[in-house]
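Q: Pasting a structure here, questions to come.
Please treat every number below as a calculation from the coordinates, not as lab data. Remember, it's a predicted structure, so these values are computed and weren't measured experimentally. Neighbour counts are summed over all protein chains in view; Cβ atoms, including those assigned to glycine, are modelled from backbone coordinates with ideal geometry.
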Amino acid sequence: MGGFLAEGFKKPLNEVLEFKGKIKKFDESFAKKVNYKKDEEESSQLRKTKRQNNKKDTFFGGILSLKDGVTNDIYRDIFDLYNYYEKNRDKLSNTFPNLIRMALRLLIDSAKFSQTENIEDYIKLNFSNAKEKLSQDQRTTLNTNGVSENSLASLLHVGAHNYSASSNLEQTIAMSMIIGEMLKTTHKK
């Protein structure tokens, strides 16, 4: 039976009187197994660190807390519809984002009654103030997707038709961010 030979000792440590009974035989069943990289085949068994998810622009700029009413109900339904789309994107048609954009028009249509009779006036009254509250990244997203005070109403109207432009999800998300910020002003709880 072998053992470690300490420097200056001529016999194994487990046979030295001071260590007798204190040194235990190595038991593999209690050892924690570690997979060390030995070759290319074994290295594929090692777990890799997950990549961070790319920061996605969130719909409506995040969760809104609106006062009770039709506008809040429509907002919540659109938010759920968008989340359903995100989870089931591969099972749905490419035109599904059109529904979300049409719903945004309906949302603005319900929200406008608190201030005015038409969508264009509601946007003129609230867009600039809402845009100032957005982050620089969100404002860049608006600009990149062509969402401005002058274009938002027409983008909402296009959403009511089956044009290919209505399927642009990134633009719809940008529209939702500014709409969300406007709703925070006009329908905040």
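Q: In what order do TYR85, TYR75, TYR122, TYR163 fall by count of nearby beta-carbon atoms within 10 Å, going from fewest to most?
A: TYR163, TYR85, TYR122, TYR75
Q: Right, another one. How much net charge surrounds SER154 when only the other residues with a Cβ under 13 Å from the Cβ of SER154 are counted, with Lys and Arg +1 and Asp and Glu -1?
A: 0
Q: Be a star and scan segment 144-161 for residues whose amide nitrogen sits under 19 Å from the point 7 Å along the Cα-to-Cβ vector of SER114.
A: 153
Q: Same structure again: Treat each spin label as a single point 7 Å out from the Cα along the C-beta direction, and report the ARG89 to GLU149 distance in nm.
A: Calculated label separation equals 3.3 nm.
Q: Please give the net charge around LEU106, taking every other residue with its beta carbon less than 12 angstrom from that of LEU106, where Lys and Arg add +1 and Asp and Glu add -1.
A: 0
Q: Give me the net charge for the shell around LEU64: Cβ to Cβ below 10 angstrom, other residues only, Lys and Arg +1, Asp and Glu -1.
A: Every neighbour counted, the sum reads +3.
Q: Quick one: SER110, SER176, fewest Cβ neighbours within 10 Å first, how do they rank?
A: If I rank by nearby Cβ atoms, fewest first, I get SER110, SER176.
Q: For a quick check: sort MET175, MET182, MET102 by the number of other beta carbons within 10 angstrom, fewest at the front.
A: The order, fewest Cβ neighbours first, is MET102, MET182, MET175.
Q: Related question: To two decimal places, what compactness ratio does segment 118-189 give when its Cα radius of gyration is scaled by 2.2 N^0.38 Å?
A: 1.06
Q: Assuming a viscosity of 1.306 mPa s and a temperature of 10 °C, what translational diffusion coefficient in µm² per second does Stokes-Einstein assign to segment 66-186, Rh being the Kirkwood radius over Cα pairs?
A: 110
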